[in-house]
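What follows is calculated from the coordinates using simple rules that are stated; it is not laboratory data. None of the values given here were measured: they were computed from a predicted structure. Note that each Cβ is placed from the backbone with ideal geometry, even for glycine, and that neighbours are counted across all protein chains shown.
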Amino acid sequence: MQMIPHDYPFKATISKRNHGRIHSTTGIALNEPLHICSESPEDRRVYIQDKPRSAYAQLPVIYFVTPTYPRREQIPELKRLAYTLLHVPRLYWLVANDQERCDTFLDTLLSGFGIPYAHMASPMPSEFRKSKPAPRGVANRRAALQWLHQQNITNGVLYFGDDDNTYDLRLFSEIRQTQRVSMFPVGLIAEYAVSVPVVRDGKVVAFLDSWVAGRRWPVDMAGFAVSLAYMSQYPNVNMPYKPGYEEDLFLRSIGLRIDQIEPKGANCTEILVWHTQTKNKKSAVVRLNSEFLDGRSNLGALFRSLKLMGVASASDTEGPVAMISKNGKTKSHSYILS
Ligand code: UDP
Ligand code: MN
């Protein structure tokens, strides 16, 4: 595993010159600096599903790109996703975190799964942070595209898999043989609870999606996969910072034609991916005196770990006083912990 110092201060240096061109499909080069926090190309899994890893050696690799960002749900989301991905052979997990600095907790978490991965820090440029809607996950996906480009990867399959979606394992076998671009339904999208290509005689002829907005490709990020052999023929591949239009402009940047689309999931009749969303809440603050957060009980170690995960923190002065009870009665902290 290659490690880069974590206190390396990341400077987002997207130049002003690029911003005037966000409406162009090809205008902004993927020229941000790429910050790898840790990576391991090694697959340390012994068995995957019911077979030894070697049984899968001939399969094309799926590059599964996951944008993620610090919030209290981040670690549980990534764990849930990892426990799905552990069942998927020949998968390379590109995890791009929307944060300036590398998160060592994430390094440890990701390397522990034994799935080949690269963890990068890819903060949203500060000028977009306050925009509503913000381009969520775009800096992250751009970083992953940059990684693929720098590694000169020209075979395998690219898939954009957000950290909060729900993936059927059959999705991976469906997209693995993508020749150019494959598409399939995504469940739980917007008003219709589905976004799906319309298929006739095995060909995509149109799209059913409640938000058209002039998009030639009105699909969700999770609703398509791209062959890297195909994508590598398009040097202007891009995903501009244009909320709502990321999929459309990305697919336009790789010169897609409707007759080339490969419908998957039994001609787009099956839902193999769901746009599930997790309720977001602010990280919790619990009033719990630091003098009690030592080795005398479990609480010190527990709250240190919750803090690292961005879930909760203990404070001497803020937040509701932690209720500690015994036999149904609240006890003073000192009674239990001193
Ligand atoms: N995301 C991010 N930075 C943000 C917000 C979201 O990197 O400020 C990531 C998030 O982890 C997810 C993807 O971008 O993988 C899409 O965001 P989200 O799931 O919140 O959007 P949705 O499409 O579900 O509305
Ligand atoms: Mn989501």
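What to note about this one:
- Cysteines having no other Cys beta carbon under 4.7 Å from their own, within the chain: CYS268
- Label zone at VAL198 (point 7 Å along Cα-to-Cβ), backbone N below 20 Å, the range 232-258: 248, 257-258
- Dipole of the range 45-113, positive direction: furthest Cα of PRO89, LEU110, SER54, with charges on the beta-carbon: SER54
- Part-to-part distance (alpha-carbon centres) for the range 178-207 and the range 267-338, which is given in Å: 41
- Rounded to the nearest 20, the size of the Cβ-charge dipole of the chain about its Cα centre is 480 debye, with Lys and Arg at +1 and Asp and Glu at -1.
- Most simply put, the chain has about 55% antiparallel DSSP beta bridges, counting only bridges with both residues inside it.
- Three-way shape call for the range 208-338 based on the alpha-carbon gyration tensor, with the a/c threshold at 1.5: prolate
- Hypothetical label at ARG216: residues of the range 244-260 whose amide nitrogen lies under 16 Å (7 Å Cα-Cβ projection): 245-260
- Distance in nm between pseudo-label sites at GLU291 and ARG80 (7 Å out along the Cβ direction from Cα): 4.1
- Point-charge dipole on Cβ atoms (K/R +1, D/E -1) for the range 125-267, about Cα centre, debye to 20: 380
- In this rough spin-label picture, where each label sits 7 Å from Cα along the Cβ direction, the LEU308-ASN280 distance is 2.5 nm.
- For the range 179-277, DSSP calls about 75 percent of its internal beta bridges antiparallel.
- Using alpha-carbon coordinates, inclination of helix 104-113 to the longest axis of the chain, degrees: 60
- FRET efficiency estimate (nearest 0.05) - Cβ-Cβ, ARG129 to GLN58, R0 30 angstrom: 0.10
- The slack between ARG170 and GLU42, meaning 0.36 nm per residue of separation minus the straight C-alpha distance, is 43.7 nm.
- Listed pairs LYS279/LYS326; LYS132/LYS282; LYS242/LYS281; LYS79/LYS203; LYS79/LYS264; LYS51/LYS281 exceeding 29 Å between Cα atoms: LYS279/LYS326; LYS79/LYS203; LYS51/LYS281
- Computed from backbone phi, the HN-Hα couplings of the range 227-237 come to 6, 6, 5, 5, 4, 5, 7, 10, x, 9, 3 Hz, rounded to whole numbers (Karplus: 6.51 cos²θ - 1.76 cosθ + 1.60, θ = phi - 60°; Gly and Pro given as x).
- Whole-percent pair-distance distribution, where bins are 5 Å wide, for the alpha carbons of the range 139-284: 2, 10, 19, 23, 22, 15, 6, 3, 1, 0, 0
- FRET efficiency estimate (nearest 0.05) - Cβ-Cβ, THR269 to GLN177, R0 22 angstrom: 0.75
- By average C-beta atoms within 10 angstrom, highest first, the peptides 42-53, 300-311, 149-160: 149-160, 300-311, 42-53
- Size descriptor, Kirkwood hydrodynamic radius, that averages inverse alpha-carbon separations across the chain, Å: 21.7
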